[in-house]
Structure formats: structure tokens, C-alpha cells
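Written below as C-alpha cells is the structure these notes are about.
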Amino acid sequence: MNQLLQDAFNRAITLPPKAQDRFAGFLLAELDAGQQWDQLFDRPKSDELLSNLANETLADNGAGSTTPLDPTDF
């Protein structure tokens, strides 16, 4: 285990039990989500689908049918 992860766990064990449960649930969900993304991107058609989406987006932008993103809207 690297030092940063060890530090996180050392802090987590000082939390009340319910907060530890929330932290553990969050961590496990993040790990599961990461595995799901890896599995999706490992599929043979992923490259083709992502390339098609990128090309569509570039075409939409070139045609002037996109709206600039304003980070202050969030």
C-alpha cells in the first residue's frame, strides 16, 4: 500500500462508525465504477463508437450547431 492510501485509511479509522461506512461504500463504489469503465473501453467496438461520436461532435461544431460551455453555469 502506498503512503497516500495509508494516510487516507489512517484518517478514516478515526471517523465515527457511520462515517466509516459511508467512506467504505463510496470507495467500493468508485472501484466498481472504474472496473466497469475499463470493461466498456476494452470492448472491440469502443474505439469505433468513440471515434464516431468525436467525428459527429466536430461536424456539429463546424456547422455552428454547438453552444460554448460556460463553467459559471454550474
Legend entry - Gained length - Asp73 relative to Arg11, 0.36 nm times residue gap less alpha-carbon distance: 18.9 nm
Legend entry - Which labelled figure in (i) 16.6; (ii) 13.8; (iii) 11.8 is Kirkwood radius over Cα pairs in Å, once derived from the coordinates: (i)
Inset, instruction - Round to the nearest 10 and give me the degree value, 0 to 90, for the angle of helix 17-41's Cα axis relative to the longest principal axis of the chain. - result: 30
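So between Gln36 and Asp60, what do we pick up on full extension, going 0.36 nm a residue minus the alpha carbon distance? Show your work: numbers first, answer last.
Values: separation 24, 0.36 × 24 = 8.64 nm, distance 2.92 nm.
5.7 nm is the gain from fully extending Gln36 to Asp60.
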Inset, instruction - Would you work out which of Gln35, Leu4, Ser46 lies farthest towards the positive end of the dipole of segment 1-63, given +1 charges on the beta-carbon of Lys and Arg and -1 on that of Asp and Glu, about the Cα centre? - result: Leu4
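How large a share of the accessible area of the chain, in percent, is made up of carbon and sulfur atoms when the probe is 1.4 Å and the other protein chains stay in place?
On the way: 4020 of 6870 Å².
Answer for the chain: carbon and sulfur cover 59 percent of the accessible area.
The values are calculated or read from the model by the stated rules, or taken from the named source; none is laboratory data. If you're wondering where the values come from, they're calculated on a predicted model, not measured in any experiment. When we count neighbours, we look across all protein chains shown, and the Cβ atoms used for this are built from the backbone with ideal geometry, even at glycine. Ligands, DNA and RNA are stripped out before the accessible areas are found, and what is left, the full protein with its side chains, is counted by its heavy atoms. Shrake-Rupley method; radii C 1.70, N 1.55, O 1.52, S 1.80 Å.
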